[in-house]
Amino acid sequence: MSDSPIAVEQHGPEHLHHFADAEQQRDAASLGMWLFLATEIMFFGGMFLAYLVYRYWYYNEFAAGSRSLDISLGTINTAVLICSSLTVALGVRAAQMGNRKLLVILLLLTIVFGFAFLGIKGVEWYQKFEEHHIPGRSFNAGDLIKEYPQIHIDPQHEQIYFSLYFAMTGLHALHMIIGVGIFVFLTYHAWKGRYTPKYHTPIEIGGLYWHFVDIVWIYLFPLLYLIDRKPLR
Amino acid sequence: MSEHVMSSKFYYTIWIVLLCLTVITAAVSFVDLGPFNTIVALVIATVKALLVILFFMHVKYTSERLTKIVIVSAIFWLLLLLGLSMADYATRFLS
Amino acid sequence: MATVAVSAEREHYLNKEYGIRSWLLTTDHKRIALLYLVSITFFFFIGGFFALLIRLELLTPAGDLVQADTYNKLFSMHGQVMIFFFLIPSIPAVLGNFLVPLMIGAKDLAFPRINLLSWYLLVIAGVIYIHCIATGGVDTGWTFYTPFSTAFSNTRVIEAGIAIFIVGFSSILTGLNFVVTIHRMRAPGMTWSRLPLFIWAHYATSIIQLLGTPVLAITLLLVVFERAFNLGIFDPTRGGDPLLFQHLFWFYSHPAVYIMILPAMAVESEVVACFTRKRIFGYNFVAMSSIAIAVFGFLVWAHHMFVAGISLYSALIFSILSYLVAVPSAIKVFNWTATMYKGSISFTTPMLYALGFIGLFTMGGLTGLFLSALGIDVHVHDTYFVIAHFHYIMVGGAVMGYLGGLHFWWPKISGRMYPEAWGRLAALLVFAGFNLTFFPQFILGYMGMPRRYWQYPPEFQVLNVLSTAGSTILAVGYVLPMVYFLWSMRYGKIASDNPWGAAGLEWKTSSPPPTFNFDETPEVTWEAYNYEEIPAPAEVPVER
């Protein structure tokens with residue numbers, strides 16, 4: 001066994017062996033998570049391009065599809081995510097102050113809000129299923145055509161709006177599910193007392209991820225739900 | 001990410017502002033502003049996103065310039081994807 | 001020969017622990033690099049096997065070896081395996097993983113466990129792709145164009161899409177690891193302007209991996225969703241635009257070619273400096289040109305779509321931008337050449353690869369400029385001219401850079417010297433075989449032979465036969481290093497810390513390095529490529 005000075009030191013989780021010190025480790029984790037969020041921006045970005053192109057081409061169909069979404073549920077869901085971002089931010093603060101009990105409560109609340117969001121999303125998707133707005137063989141835009149006789153709606157193009165709706169909200173929901181999973185993990189370790197004012201990096205970077213998923217929804221809401229809600233002439 | 005511990009009152013304030021902006025954006029969508037409906041909606045969304053980034057994600061209080069560079073670069077790259085692609089779509093049926 | 005080896009007594013990363021678990025659960029970047037070496041070599045031979053079948057079919061004008069549908073699968077899978085499972089990982093995952101921490105004076109990468117995860121993602125994706133091959137393969141072209149891939153192909157598109165999606169994340173995580181490591185873990189005194197150009201080029205590569213690959217990921221996901229769930233995003237019958245797929249696909253896949261060439265340029269800088277015994281001419285320009293290539297590379301993607309139906313105005317814009325992107329690459333070529341002027345050149349194996357690289361990359365790059373001209377592209381798009389162009393860069397450039405790098409750092413990686421005479425022979429065989437294989441293809445394309453065709457008019461046969469003949473020589477050139485590298489691990493001459501007399505922190509530690517790289521954290525007080533201070537080795541080590 002080599003007796004180099006490097007091999008002999010012992011470190012806790014706040015200072016893993018290959019880092020020079022805890023501060024380097026913290027800075028590395030933070031940069032790593034921000035870079036990952038940058039990749040996520042590009043990942044969702046591809047779908048935003050598809051949205052941009054097809055809204056430009058098929059505005060009427062996008063407007064009609066948007067109107068068929070439940071604006072109250074959408075607004076409530078947006079509020080739910082904002083509340084969850086609050087509990088996350090307060091949770092990081094609790095960790096900074098070493099308040100273990102408060103941290104656990106806030107993490108649990110975040111998970112509850114996450115489930116609430118997913119539940120409401122499930123209700124909305126079910127509504128779309130009942131209205132035959134799921135793209136594919138069972139798709140039927142007849143209700144929209146009847147409802148908006150003053151604009152021309154091509155039922156085939158309407159499928160593109162709903163394809164994007166399900167792809168975008170579906171991928172977002174998947175990220176929420178992963179987020180909830182991460183927070184379950186964080187809650188367990190918080191309860192075990194692993195996070196202290198000196199070391200709570202996982203809470204911080206888990207929080208960054210959660211806020212990012214919130215921001216994606218902040219954009220999805222107006223883009224999907226609020227395209228055209230003007231009173232019809 | 002700095003060690004700056006913010007008051008919980010500050011977080012609650014940001015929270016209220018975000019909720020208000022949500023209600024506003026939903027309500028404004030019912031008002032006919034012509035082409036400005038889209039712009040207003042996106043501006044409000046961007047303000048909300050900035051509030052989350054700067055305050056909930058602590059970017060305003062971080063001393064790390066690199067974090068800000070990463071965020072700006074990512075947004076710039078997204079705009080590149082959208083913008084250069086639209087250069088094709090916006091000019092395709094001109095003649 | 002005295003193999004009472006010094007290395008057997010001294011502990012290093014290879015002999016520190018034995019057993020399969022110590023390899024499959026390692027977090028040591030050097031061991032992970034070797035895991036990658038084994039994996040990508042395996043995929044190289046699979047991709048090469050498909051190439052062999054393609055070249056055999058093309059020996060005769062008639063389609064007489066395989067059926068047309070099978071031929072479609074051969075070229076599609078040749079491309080996907082070579083690009084996603086060999087070229088994109090190759091230098092970064094093998095040489096980058098091994099060398100980045102060593103070159104900057106760190107003990108490991110920033111996230112060693114994520115590094116291991118990256119390798120497992122490659123392996124899992126590879127298993128899925130092999131299953132895809134075994135159950136029918138994919139025939140859409142490596143490019144998955146819609147609506148054929150979404151609506152009409154009867155092959156395993158979903159499986160191939162998922163496999164490439166997963167290996168994309170392997171690439172993203174490697175890039176993430178490198179960027180964080182280079183920013184946060186440089187040794188004291190290792191400022192940005194003292195970094196080896198290898199690090200600058202890998203940093204630029206990582207930026208591309210981070211910002212580009214996610215777009216490929218979402219694009220493939222949408223194709224999978226369309227096939228699996230009947231979503232209509234690319235479906236023309238529902239108003240979908242096939243060109244939207246192409247925009248999204250090429251937004252990644254053009255920068256992807258820079259992921260493949262920048263690391264080879266990284267190797268080039270190190271090898272040319274060492275075997276010219278001089279600082280690279282124009283260090284700042286070479287460093288900045290890497291970043292410029294990464295940025296400009298994102299601005300040119302629609303030059304793959306000039307005849308697909310994009311607007312003429314956007315075609316003009318992309319054409320001009322494509323000319324611009326050649327400039328930083330040219331700057332590098334000029335600087336490497338200027339480095340050699342009045343240098344003290346040794347024609348070792350790595351240097352032979354490096355010299356070949358300069359010539360072949362220049363030819364590939366210049367023919368890329370021909371393709372950027374709209375008028376020329378109309379004639380040669382989708383012909384063998386394009387195939388020759390990109391093989392000159394990816395094989396004549398990237399693969400030769402990879403082989404040159406493997407030979408240059410082999411003493412550091414294994415503690416042994418490879419046999420120099422065989423090394424030089426293999427390099428010459430690769431160079432000769434490569435040119436015989438691909439130069440005729442420029443002519444074929446110019447004469448009008450389309451790509452992806454399994455039969456062709458008889459007047460093209462002579463050139464095709466030459467090309468196939470060349471590919472057999474190339475194959476021998478590729479197999480030889482595999483044989484003698486393995487040989488050298490047991491019988492090769494023991495390597496000293498710095499057999500080449502090269503500059504760089506990796507040469508200041510032992511060959512092979514200890515697990516944590518340095519016995520003491522280095523403190524850097526000298527500039528990069530300080531060859532005026534490093535004595536040349538008494539003789540270039542040669543193994544008979």
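As a calculated quantity, the FRET efficiency between C:Phe334 and C:His379 at R0 = 35 Å, using C-beta atoms, amounts to about 0.70. Ratio of Rg to Rh for the protein assembly as shown: 0.98 [Cα atoms; Kirkwood radius as inverse mean 1/r over pairs].
Label point of B:Asp32 set 7 angstrom out along Cα-Cβ; within region A:44-63, amide nitrogens under 18 Å from it belong to A:60, A:63. Between C:Tyr446 and B:Leu94, what is the FRET efficiency for a Förster distance of 41 Å, r being their Cβ-Cβ separation, to the nearest 0.05? Here the calculated transfer efficiency is 0.80. Report the Cα centroid-to-centroid distance between region C:127-155 and region C:360-423 in angstrom, as an integer. What the calculation gives is 27 Å, centre to centre. Which entries in the list C:Lys342/C:Lys508; C:Lys73/C:Lys332; C:Lys30/C:Lys332 go over 32 Å, if you measure between the two C-alpha atoms of each? Checking Cα-Cα distances, C:Lys73/C:Lys332 exceed 32 Å.
What chymotrypsin sites (Phe, Trp or Tyr not before Pro) in chain B are in a loop by DSSP, with at most 16 other Cβ atoms within 10 Å of the Cβ?
Here the sparse-neighbourhood loop sites are B:Phe30, B:Phe93.
How big is the gap, in Å, between the Cα center of region A:92-141 and the Cα center of region C:236-307? Value for the Cα centre distance between the two parts: 40 Å. The overall shape of region B:1-62, judged from the alpha-carbon gyration tensor, is oblate: a/c is not under 1.5, and a/b is no greater than b/c.
When peptides C:202-211, C:224-233 are sorted by average Cβ neighbour count within 10 Å, with the highest value leading, the order is C:202-211, C:224-233. For a paramagnetic label modelled on A:Lys198 (point 7 Å from Cα along Cα→Cβ), amide N atoms under 17 Å away belong, within region A:94-117, to A:95-100. For a paramagnetic label modelled on C:Thr237 (point 7 Å from Cα along Cα→Cβ), amide N atoms under 12 Å away are absent within region A:162-179.
Out of the chymotrypsin sites (Phe, Trp or Tyr not before Pro) in region C:240-285, which ones are loop residues according to DSSP with at most 13 other C-beta atoms within 10 Å? Counting only loop positions with at most 13 other Cβ atoms within 10 Å, none of the chymotrypsin sites (Phe, Trp or Tyr not before Pro) in region C:240-285 qualifies. Compute the helix-to-body angle for B:8-28: its Cα long axis versus the longest principal axis of chain B, expressed 0 to 90° and rounded to tens. With both axes taken from Cα atoms, the answer is about 20 degrees. The Rg/Rh ratio of chain C, with Rg taken over Cα atoms and Rh as the Kirkwood radius over Cα pairs, comes to 0.96. Charged side chains reduced to their Cβ positions (Lys and Arg at +1, Asp and Glu at -1) give chain C a dipole of some 480 debye around its Cα centre.
Taking other Cβ atoms within 10 Å as a rough exposure proxy, C:Val167, C:Val267, B:Val5 sort from fewest to most as B:Val5, C:Val167, C:Val267.
Each of A:Tyr59 and C:Ala151 was given a label point 7 Å from its Cα along the Cα-to-Cβ line. The distance between the two points is 2.7 nm.
Which value at 222 nm does chain C reach when only helices count, each DSSP H run of 4 or more adding -39,500 (n - 2.57), with the total divided by all residues and rounded to the nearest 500 deg cm²/dmol?
Rounded to the nearest 500, the figure is -21000 deg cm²/dmol.
In terms of packing, defined here as the mean over residues of other Cβ atoms within 10 angstrom, the peptides A:27-35, C:121-129 line up highest first as A:27-35, C:121-129. Note on C:Leu59 and C:Asp497: the model spin-label points, each 7 Å out from Cα along the C-beta direction, lie 5.4 nm apart. Around the Cα centre of the protein assembly as shown, unit charges on the Cβ atoms of Lys, Arg, Asp and Glu (plus for the first two, minus for the last two) sum to a dipole of about 740 debye. Only aspartates and glutamates eight or more places from C:Lys107 in sequence, or on another chain, were considered; those with a Cα closer than 12 Å are C:Asp28, C:Glu506, C:Asp519, C:Glu520.
One Cα centroid belongs to region B:35-89, the other to region C:167-192; the line between them spans 25 Å.
For C:Ala110, the residues whose amide H sits under 5 Å from its own are C:Thr181, ignoring neighbours fewer than 5 places away on the same chain, with H placed 1.01 Å from N. Label-to-label distance, C:Gln67 versus B:Leu54, with points set 7 angstrom from Cα along the beta-carbon direction: 6.5 nm.
Each reported figure results from applying straightforward, stated rules to the coordinates on display, with no laboratory input. Small disclaimer: the values here were computed from a predicted structure and weren't measured. Glycine gets a Cβ as well: all are built from the backbone with ideal geometry, and neighbour counts include every protein chain shown.
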